[in-house]
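The values are calculated or read from the model by the stated rules, or taken from the named source; none is laboratory data. Here the structure is a predicted model, which means the values were calculated and not measured. So basically every Cβ, Gly included, is an ideal-geometry build from the backbone, and we count neighbours across all protein chains shown. Each accessible area value is taken on the protein alone, full model and side chains, heavy atoms only, with ligands, DNA and RNA left out. Shrake-Rupley method; radii C 1.70, N 1.55, O 1.52, S 1.80 Å.
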Amino acid sequence: MKNMRLLWVRSLTVGALAVLPLAVFLSAAAPQTPATPAAVSEIVLTLDPAQSIVRWTVDSSLHAVHGTFALKSGTLHFDPETGKAGGEIVVTATSGESGNHSRDARMHKEILETPRYPEVIFRPTQVEGKVSQPGASDVKLNGVFSIHGADHDLTALVHAELTGERWRGTSKFEVPYVKWGIKNPSNFLLKVKPVVSVELEMSGEVKAAIDSRGGSPRISGR
């Protein structure tokens, strides 16, 4: 009886050893499901006020007037797939200057009324075009431009270059200030055109927000 039990145990052991290589082979041969890469839900661009500036030009019957405004803060975030965007770019209206004290004083007091409206804000809503990362891109940026207490739809042309964690770019658009209800500074001696050309020089950081759950790219936080 004891010999029969020993024989039975040996038989089981040999059988197990025979099956083990087959199990290892089948495991190695089984197709592996590749890991799904995390989806980029949005790209976030921050603006560095110290490395950004707003330049403006308005033509008149005598000569073109050039000036600047200082950038207060800025963040743009957008879905790279759908182009849906958010954030805001804030300009300090009280910083506006053209190099002529009396002209600037009138601009702040009578035209822009900056003591009452100290900020100009652009809130992006949609990016039209593909943003390369890294690389250079030319896109349109649609949004709402808030100036002198009123909101207006605005489309800006943007050239951006993204490299690693930094980006720089320029944006151009026109402000039809008279059409938007802002006073025309013209007088009987000087005729000023009712449109101001604006160009932003921008620089800042790039951040890619990852959706850890996979799924569809989304913009959050709005």
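Would you list the P(r) distribution for the stretch 130-190, with all Cα-Cα distances sorted into 5 Å bins from 0 and each bin expressed as a whole %? With 5 Å bins starting at 0, P(r) equals 4, 14, 19, 15, 13, 11, 10, 7, 3, 2, 1. Counting only the Cα atoms, the stretch 63-222 fills a convex hull of 124 Å³ per residue.
The accessible surface of the stretch 64-118, taken with every protein chain in place and a 1.4 Å probe, is 54 percent carbon and sulfur.
Kindly flag which residue pairs out of Lys84/Lys183; Lys183/Lys207; Lys72/Lys207 have an alpha-carbon separation exceeding 31 Å in this structure.
Details: Lys84/Lys183 34 Å; Lys183/Lys207 40 Å; Lys72/Lys207 20 Å.
As for pairs spanning more than 31 Å Cα to Cα, those are Lys84/Lys183; Lys183/Lys207.
If a paramagnetic tag sat 7 Å from the Cα of Arg116 along the Cα-Cβ line, which residues of the stretch 164-181 would have the backbone N under 20 Å from that point? Those under the cut-off are 176-181.
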